[in-house]
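These notes concern the structure reproduced below.
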Amino acid sequence: MPAQTLKQDAWERVERRLPETYLALALALTLLLCWMTPPFFAPDEANHADREISLTHGHLIERMSPDGAGNDIDDGVVEVSDAMDNIRMEWEKHAGYFLDRSYGSVTDKQQLRQAGRRWSGRMIFEEYENTAVYPPPLYLPAMAGWRMGEAAGWTVFASLRLARLLCALCAVVLGWLALRFCVGVRWLLLAGLLLPTVLYLNATCCQDAIVPGLAALAVAMLSRPLAGQRDFTRAELMVAAVALGMIALARPPYAAMALALFLPAAEMRADWRRWLRPAAAFAVVVALTGLWWHMVAHLQMATNDVGNPDLQRVFLREHPVAAALALLRGTAYAAYDFFHRGVYVVGLNDLLPHHGAAAVLSVCLLLIVVAARGPVVKSWRGRVLLAVCVAAPLLGVSLAEYIIWTPPGWMTVYGVMPRYWFAAMPLGILLLQSCLPRREHWLAVLPRQTVMVAGVVMALMACTLPWIVAHAFYREGAWHVLLLNLR
């Protein structure tokens, strides 16, 4: 057998094993992180937990109080989450630059003081207005964990870790399904799924845990008709629409991503009949998203001390050009921030490893975009549509944060976190590859093994997560931290 054929066969075997490789690595890392991350130290985890517990008690729409939107929560959970939050807040009084810091040590004594606390059975009103508006679908795994923990009389910590565990399992299985059923884009999807921030979020009880896997699954379904130059099958369209719809329900700007359902028809210059099924699926996504957010529109919007949504809306109407420039400036900075720290950040938005880690991961992402073979969007119609699918939700997120979180009339946008971009990342990677100039030249020049080397480097970077989490939160060895959290 010729050497070239042997190499081709070996490469195909490696690519076929990528789903199982990802499954093994992601399960190992996320299961570790479920226990090694201090309880309630993931981004807004206490507020997400409150919303999940409220949903398990049948509170679909939360109620308003003078303090904001919320509902009755077990006071044992509230006391434990408040105590853990006090550890973080006490450190913040002495923190340096808030986007480049380490939380310092959570001591064994501080954590063990809360480790034995259980559900009390007494309910008190708790405000959590920044998560009170979110719908149930992305919370279902965590809801099951909290409900089982409460019914079994476990400690609050044990209940939280079960909620994290079920979220991690769901997120990793979604990623595995995406890699298993995609056609030709496995390396592109794997690159996004292996980012340390994604793996870290997978191991939390926040709704962000499920989003990257759903986004990857939607692109996996899209890759099949693109590779075969055909329409979606009914099953592919349904899976893609459900995945994109669940993401859109969580954050309305992402409803624009459902325009990707039209890509196969746009690529084939199909007659109007072939647009009907994707149009119906898109309409369902938009209608359900609009219906949910209409139902919760009366709930008070979470903001900060410098934000004023009413005044900001007035500024948008009176100064549309200045506001548009501020949105573009804020989105451009968010893109820089995503690659500067967003690919490897843990904790409440701002716990960083060495800055070189983000640079290495960004270079690996670029190499995979340039060197990976696979189907791309070839027509100008498809590329414009794909660009809208990516740009519209990102600008929409910036607009939401500009209204909610930014001082009125400010020249940029506050509050856009890198994790908000992960939903659009798989489509963004596909867009970059589709618009890559001289793509055939790069594929001919770069060895095929370039993609594998970049993937291995990303996997090795991901394997540093347990060490980073241990030293960032506890300043202790990973083994010590794991034993502490297993008590």
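The values are calculated or read from the model by the stated rules, or taken from the named source; none is laboratory data. Treat the numbers as computed from the prediction; the structure is a model and nothing was measured. So basically every Cβ, Gly included, is an ideal-geometry build from the backbone, and we count neighbours across all protein chains shown.
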Exactly one condition in (1) touching a Cys at 6+ places or on another chain (Cβ under 8 Å); (2) surrounded by fewer than 17 Cβ atoms within 10 Å (Cβ to Cβ); (3) of a type in the set (Val, Ile, Thr) is false for Thr204; which is it? (2)
Would you be able to say whether some residue in segment 304-316 is polar (S, T, N, Q) and on the phi > 0 side of the Ramachandran plot? no
Failed item, numbered, when Met238 is tested on (1) crowded, with 24+ Cβ neighbours inside 10 Å; (2) in a helix (DSSP H, G or I): (1)
Thr412: surrounded by fewer than 20 Cβ atoms within 10 Å (Cβ to Cβ), assigned to a loop (DSSP other than H, G, I, E, B) and at pLDDT below 95, yes or no? yes
Only one of (1) in contact (Cβ under 8 Å) with a residue 40 or more places away in the chain; (2) among the acidic types (Asp, Glu); (3) over 30 Å from Leu29 (Cα atoms) is not met by Asp208, so which one is it? (3)
Do we have any residue at all in segment 374-383 that's touching a residue at least 12 places away in the same chain (Cβ under 8 Å), of a type in the set (S, T, N, Q) and under 28 Å from Trp275 (Cα atoms)? yes
Output the residues belonging to segment 336-370 that are in a helix (DSSP H, G or I), aliphatic (A, V, I, L, M) and buried (at least 16 other Cβ atoms within 10 Å of the Cβ). Ala357, Ala358, Val360, Leu361, Leu365, Leu367, Ile368, Val369, Val370
Does segment 22-30 contain at least one residue that is under 13 Å from Tyr139 (Cβ atoms) and either in a helix (DSSP H, G or I) or within 20 Å of the chain's Cα centre (by Cα) (or both)? no
Can you spot a residue in segment 459-480 that is under 24 Å from the mean Cα position of the chain (by Cα) and within 19 Å of Val14 (Cα to Cα)? yes
Qualifying helices (runs of 4 or more DSSP H) (wholly inside segment 148-211; at least 2 residues being more than 29 Å from Met84 (Cβ to Cβ)): 156-181, 186-193
Could you give every pair whose Cβ atoms fall below 6 Å, whose first residue belongs to segment 217-237 and is within 14 Å of Arg274 (Cβ to Cβ), and whose second residue is in a helix (DSSP H, G or I) and of a type in the set (Gly, Ala, Ser), counting only separations of at least 6 or pairs across chains? Leu237/Ala281
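Residue by residue, here is whether (1) assigned to a helix (DSSP H, G or I); (2) surrounded by fewer than 19 Cβ atoms within 10 Å (Cβ to Cβ); (3) within 25 Å of the chain's Cα centre (by Cα) holds:
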site	(1), (2), (3)
Pro426	yes, no, yes
Leu430	yes, no, yes
Pro437	no, yes, no
Val457	yes, yes, yes
Number of the exception - Leu177 against (1) within 26 Å of Ala462 (Cα to Cα); (2) buried (at least 24 other Cβ atoms within 10 Å of the Cβ); (3) not β-branched (Val, Ile, Thr): (2)
Would a scan of segment 443-451 turn up a residue that is of a type outside the set (A, V, I, L, M, F, W, C) and either within 23 Å of Tyr333 (Cβ to Cβ) or part of a helix (DSSP H, G or I) (or both)? yes
Take Ala227 and tell me if it is in a helix (DSSP H, G or I) and either modelled with pLDDT of 95 or more or within 21 Å of Val343 (Cβ to Cβ) (or both). no
Scope segment 60-102; condition modelled with pLDDT of 75 or more and of a type in the set (D, E, K, R); matching residues: Glu62, Arg63, Asp67, Asp72, Asp74, Asp75, Glu79, Asp82, Asp85, Arg88
Look through segment 114-143, keep the residues that are in a helix (DSSP H, G or I) and under 20 Å from the mean Cα position of the chain (by Cα), and return whichever of them is surrounded by the most Cβ atoms within 10 Å (Cβ to Cβ). Ala142
Among the residues that make up segment 230-241, is at least one of them among the hydroxyl-bearing types (Ser, Thr, Tyr) and over 26 Å from Ala132 (Cβ atoms)? yes
Some residue of segment 280-291 being under 26 Å from Ser65 (Cα atoms), under 29 Å from the mean Cα position of the chain (by Cα) and of a type outside the set (A, V, I, L, M): yes
Is it fair to say Ala302 is over 30 Å from Cys205 (Cβ atoms), of a type outside the set (D, E, K, R) and buried (at least 18 other Cβ atoms within 10 Å of the Cβ)? no
Six or more apart or on different chains, Cβ under 9 Å: which pairs go from a residue in segment 314-332 that's over 16 Å from Pro407 (Cβ atoms) to one that's in a helix (DSSP H, G or I) and of a type in the set (Val, Ile, Thr)? Could you list them? Thr331/Val397
Being part of a helix (DSSP H, G or I), under 16 Å from Phe339 (Cα atoms) and aromatic (Phe, Trp, Tyr): is that true of Tyr420 here? yes
Have a look at Ala144, Ala163, Ala151, Ala209 and point out the one that is touching a Cys at 6+ places or on another chain (Cβ under 6 Å) and either acidic (Asp, Glu) or over 30 Å from Ser434 (Cβ atoms) (or both). Ala163
Single match in Leu259, Leu288, Leu263, Leu276 (criterion: free of Cβ contacts under 8 Å to residues at least 12 places away in the same chain, within 21 Å of Ala235 (Cα to Cα) and assigned to a helix (DSSP H, G or I)): Leu276
